[in-house]
Structures are given as structure tokens and as C-alpha cells.
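Trainee: Would you mind keeping the following structure in view while I ask a few things?
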Amino acid sequence: MRQILLFILMLFAYVANAQQQNITVDSIAIGRKPASKINLDGSITAKNFNGKRPITGSVATGQNPNTNDLVAWLNAVFYPSQSPTASLIGGQTYELTSQSLIGPINVNWTIGRQNATEPINSIVISNSLNATSWPQSFNQPAAGSTVSGTQGFSIGGNINQTLTVTATTTDGKSASASTSFTFLPKRYWGRTTSAAATESDLLASAGGNNALSNSKAGTFSITASGSNRVFYAYPSNLGDLSSINIGGLESLSSFTKTVINFTNASGYSQNYNVYTSNNETGGNVTAIIQ
């Protein structure tokens, strides 16, 4: 830091000595309006420069301020403007559906200015699927403050997409944030009184549960509750199971696989692999499935 300060003092001295027409001594002008001033105590003061503020930049090897003007050089190195901040929320994960259009849906954005961020010039929300964009109206936030807004829209059923908000400042700096909308199938596990679990068994998921997922692997707990069989079901396009481990024992051979055309609660139909235990059980079952 001492080396940096010494370098800056040398620059001030160079400008003061090389351009006498731009210097005042003891506040008396010599020539044109000065760019810097030598004080009686020997210190040098730059005109039109405020050094009494937090430094926003960092001195780094290879950095090029691209100016020979001393004040502009100091501002570029130590006090560059800061980028804005951005956030966008509202994304969701949906079950695969028979609906062609879902909406209206709202996403909420927040754009901020840091203490050294120039005014916001534009805020735009765009869609990853196409060229659709929605310029946002807003009140200019003060430095160190934020502004928020909401955008409504509709999405096509079973079409994954991402929305992005981008804020750009008057000096060309920008920040972006995204939120996604995803459609997934569910997997189901539970108990059944049937030799092979049915569609109604899957929808009820009695003693078990269901979850949105595009994977067949996981650990699942089922409460058999009396003399029931247990089942696990997932979309057929994920392939067959290679293992069902219960209590540390490989148990895949103790289950029978069936394939059913399953219609979920959102009206979407696809083939499901359903593994139902060959034997009834009255206890709790925890299965590690692969």
C-alpha cells in the first residue's frame, strides 16, 4: 500500500511540475484553471476528484485504465462503477400434465444498485424458448437501494423453460438472474391388497408416498399395516430395476414386474413399471432401489 501511495504522489508531482499552467501555488492561479494544486505544506490536491469515499476497485497486474488523465486514472483504478444486482423467483416443478397451457403464472424480480452503481437504464425479462421478451417499467432506485416488479405469463404444458431478468446500467454494466419451470413424472410407492398394484393403488400410495423425479433410484419406506404387499412404480422409459435391497438382502427376485398404462392426477398417460412383492407382509419395509 505504501508503494501505491508513493506512486500516486509521484504522479501528482509529475502533473504539477510538467504543466505549470495548470497549477496554483498557495491557492493563487498561474495560467489556466488548475487540474491540481500544491499546498503550502507540500501536499498535492487534485481538482474534481473525491478521495474520501470507499474504494470499489482493486489494483491488479495487467489492469489498463486506458487514460493519461490523472483523475480519470484514479477513478478507473480505485473507484470504478459497480454492476447492478438481480434476482428472479417464481420457478416451479410441475407433474407431467394433459393441459396444453398453464397460467397465468407470476415471476417476481428485484434489481438493485450498489453504492457505486450507475442508474439503471433497462430491465428486461426474456424466455429461453423463443425471442419473447418483456421490458419492465420501473422507478429508478437510489444508489444502495432496490426496485421490484412482477411479470405474468403462461407456459406450454410439459415444456421446460427458463426465464431470465437482465438489468443494464447507463454505463453498460449488467446483471442477470434466472428461474426455471420444469415438468417431471412421479414415482410411487406404497401397499396393496392386490397381487399386482393397480393405477388406483399408485394414486393412493397408501402407507408410502409419491414424488416428482426423473430417476428410478432411491431409498423408500413403506408401512404395510396388516397383510399387504408392497410396491414401487416409475415410468417405464427409465428402464428396469437392477436391485431392490431390503434389510441388507438383495430382494429383486421377491418382486414381480408388471407394466401398466398409467394416467396421473393431472391427466397425463404413460407406461409405468410396477414392482409388487410376491409375499404379503405386516411390517414396515425400507427398500434401497437401483
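Quick note: the coordinates plus some simple rules give every number you see, no bench work behind them. A quick note: this is a predicted structure, and the numbers were derived from the prediction, not measured. Using ideal geometry, Cβ is built from the backbone for each residue, glycine included, and neighbour counts are taken over all protein chains shown.
Trainee: Calculate the spin-label point distance for residue 139 paired with residue 288, positioning each point 7 Å from the Cα along the beta-carbon direction, and give it in nanometres.
Mentor: 5.8
Trainee: What is the calculated FRET efficiency for residue 173 to residue 266, with r their C-beta to C-beta distance and R₀ = 45 Å, to the nearest 0.05? Don't skip to the end; give the middle numbers.
Mentor: Details: r = 43 Å, r/R0 = 0.95.
Step by step, r from the Cβ atoms, then E = 0.55.
Trainee: So for the pair residue 132, residue 249, with labels modelled 7 Å out along Cα→Cβ, what separation do we get in nm?
Mentor: Each label point lies 7 Å from its Cα, and together they span 5.5 nm.
Trainee: Taking segment 195-290, which GluC sites (Glu not before Pro) meet the DSSP loop condition and have no more than 10 other C-beta atoms within 10 Å?
Mentor: On the way: sites: 199, 250, 280; in loops: 280.
Qualifying residues, ordered by number: none.
Trainee: Can you check what the net charge comes to around residue 218, using other residues whose Cβ is under 13 Å from the Cβ of residue 218 (Lys, Arg +1; Asp, Glu -1)?
Mentor: With Lys, Arg at +1 and Asp, Glu at -1, the net is +3.
Trainee: What net charge do the residues around residue 201 carry, taking every other residue with its C-beta under 11 Å from that of residue 201, with Lys and Arg at +1 and Asp and Glu at -1?
Mentor: Value of the local net charge: +1.
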